[in-house]
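Trainee: Sharing a structure here in structure tokens format.
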Amino acid sequence: MSPYALSMLMSSLAMGTIITLSSSHWFLAWVGLEINTLAIIPLMTKMHHPRATESATKYFLTQATASALLLFSSTMNAWMTGEWTIMDMNSYTPTTILTIALAIKLGIAPFHLWLPDVLQGLDMMTCLILSTWQKLAPMALLILTSHQLNTNLLILMALASAVIGGWGALNQTQMRKIMAYSSIAHLGWMTLVISFAPGLALLNLMIYLMMTSSMFVMLMTMNATNMNKLSISWLKTPTLAASMMTGLLSLGGLPPLSGFLPKWLILQEMTKHHLGALSAVMALSALLSLFFYLRLSYMISMTSPPNISNANLTWRKKNDLSLVNPILVVLSTMLVPITPMLLM
């Protein structure tokens with residue numbers, strides 16, 4: 001792709017998100033989401049492969065449906081209340097339709113089916129953008145309207161996301177699909193706490209963005225698209241393989257890594273609201289996710305590939321992301337000591 005076209009598309013992507021984040025009017029928020037969707041589709045199809053075209057088509061259709069529902073809910077709200085302001089969603093039907101629209105946009109269960117298929121057809125860089133940057137605008141709208149949304153519906157979707165996110169990745173061997181299910185599970189945790197403590201959902205989103213970015217950057221550096229390629233990464237990049245193992249355990253939520261922090265705080269918040277049974281189910285669903293992260297960690301660190309090299313030194317590729325990698329790894333593993341400051 002031409003650098004001029006790429007810079008224009010990336011600028012449009014940034015502009016779409018910024019328009020949505022800074023708007024207080026539903027129509028402007030919808031325009032931002034549309035610019036966002038239209039800017040990423042050429043990035044998806046730049047590989048010129050049937051799988052990429054299929055992914056772009058699926059993505060366009062799901063996002064168009066979600067945008068139509070969002071516009072419909074905001075128009076219905078304006079018709080019922082006379083208000084286009086984002087903070088004034090008081091009627092039951094528009095808020096339910098809005099919740100469904102944003103769930104489709106984000107890939108929250110039971111509207112998650114498009115996400116693993118779409119990610120599997122794309123290159124790692126576009127997967128990174130889709131799993132991180134594209135979550136910002138819909139999540140911001142969800143946080144802004146969280147006090148008006150149906151709490152029971154959000155809790156049901158959160159439970160479904162956490163269980164499906166853990167269950168779906170158990171039999172996967174492709175890294176992009178595993179990361180898609182990981183994203184679904186993490187979004188479940190954010191959706192669960194969003195009605196009770198929107199600030200905590202925002203903290204969870206920030207930590208999720210750091211952990212997912214570091215994982216995709218490491219996968220890009222290793223050029224690993226499936227589990228078999230991960231098992232030979234120890235020979236090529238030992239330091240990166242060790243960092244990746246730590247990153248995976250952080251995604252699984254093991255203490256004392258950064259991924260433990262949001263889960264711990266969310267479970268604490270839930271028990272404060274006397275939702276002990278719900279907290280127990282969420283904690284058990286986290287064990288499902290932890291299983292496949294542990295399996296990947298085991299493959300990276302404790303298995304020797306069958307085609308082990310006879311040479312004393314293996315050829316190592318020059319790393320273009322050598323500065324970004326360590327910063328992201330540190331952020332995605334070592335935030336627990338500064339928990340009090342983050343909570344302030």
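Trainee: With the contact rule set at Cα under 8 Å and sequence spacing of 6 or more, what percent relative contact order holds for the chain?
Mentor: 15 percent
Trainee: A further question on this structure: Give me the percent of Cα-Cα pairs in the stretch 90-155 that sit more than 14 Å apart, rounded to a whole number. Show your work: numbers first, answer last.
Mentor: On the way: 1315 of 2145 pairs.
I get 61 percent for the Cα pairs in the stretch 90-155 exceeding 14 Å.
Trainee: Now for a different question. As a quick test, which of the pairs Lys135/Lys263; Lys105/Lys236; Lys58/Lys236 have an alpha carbon distance above 31 angstrom in this structure? All intermediate terms of the calculation are to be shown ahead of the outcome.
Mentor: Values: Lys135/Lys263 19 Å; Lys105/Lys236 38 Å; Lys58/Lys236 36 Å.
In this structure, Lys105/Lys236; Lys58/Lys236 lie more than 31 Å apart at Cα.
Trainee: Provide the descending list of Cα extents for the stretch 1-48 along its principal axes, expressed in whole angstroms.
Mentor: On the principal axes, the stretch 1-48 reaches 37, 17, 10 Å in Cα extent.
Trainee: Starting from the Cα coordinates of the stretch 235-306, work out the convex hull volume and express it per residue in Å³. Can you show the working numbers first?
Mentor: Working: hull volume 4.8 nm³, N = 72.
In the stretch 235-306, the Cα hull volume divided by residue count equals 67 Å³.
Trainee: Go through the stretch 1-73 and name the chymotrypsin sites (Phe, Trp or Tyr not before Pro) that are in a DSSP coil and have 12 or fewer other Cβ atoms within 10 Å of their Cβ. Walk me through the numbers on the way to the answer.
Mentor: Working: sites: Tyr4, Trp26, Phe27, Trp30, Tyr59, Phe60, Phe72; in loops: none.
Counting only loop positions with at most 12 other Cβ atoms within 10 Å, none of the chymotrypsin sites (Phe, Trp or Tyr not before Pro) in the stretch 1-73 qualifies.
Trainee: Determine one quarter of the surface area of the Cα convex hull of the stretch 1-86, which equals its mean projected area, and express it in nm² to one decimal. Spell out each step's value before the answer.
Mentor: Details: hull surface 22.4 nm².
If you wrap the Cα atoms of the stretch 1-86 in a convex hull and average its projections, you get 5.6 nm².
Trainee: First select every other residue whose beta carbon is under 14 angstrom from the beta carbon of Ala185; then total the charges, Lys and Arg +1, Asp and Glu -1.
Mentor: On the way: positive: Lys135, Lys177, Lys263; negative: none.
The answer is +3.
Trainee: Quote the convex hull volume per residue of the stretch 125-214, based on C-alpha atoms, as a whole number of Å³.
Mentor: On the way: hull volume 6.9 nm³, N = 90.
Residue-normalised Cα hull volume stands at 77 Å³.
Trainee: Work out from phi, with θ = phi - 60° and the Karplus expression 6.51 cos²θ - 1.76 cosθ + 1.60, the ³J(HN,Hα) of each residue of the stretch 198-210, listed in order in whole Hz, and give x for Gly and Pro.
Mentor: x, x, 5, 5, 5, 4, 4, 4, 4, 5, 4, 4, 5
Trainee: Please express the shape of the stretch 3-343 as an equivalent ellipsoid: the semi-axes are the square roots of 5 times the eigenvalues of the C-alpha gyration tensor, given largest first in whole angstrom.
Mentor: Details: eigenvalues 234, 118, 57 Å².
Ellipsoid half-lengths, sorted descending, are 34, 24, 17 Å.
Each reported figure results from applying straightforward, stated rules to the coordinates on display, with no laboratory input. Predicted model only: the values in this text are computed from it and were never measured. Here the Cβ is made from the backbone with ideal geometry for all residues, glycine too, and neighbour counts use every protein chain on show.
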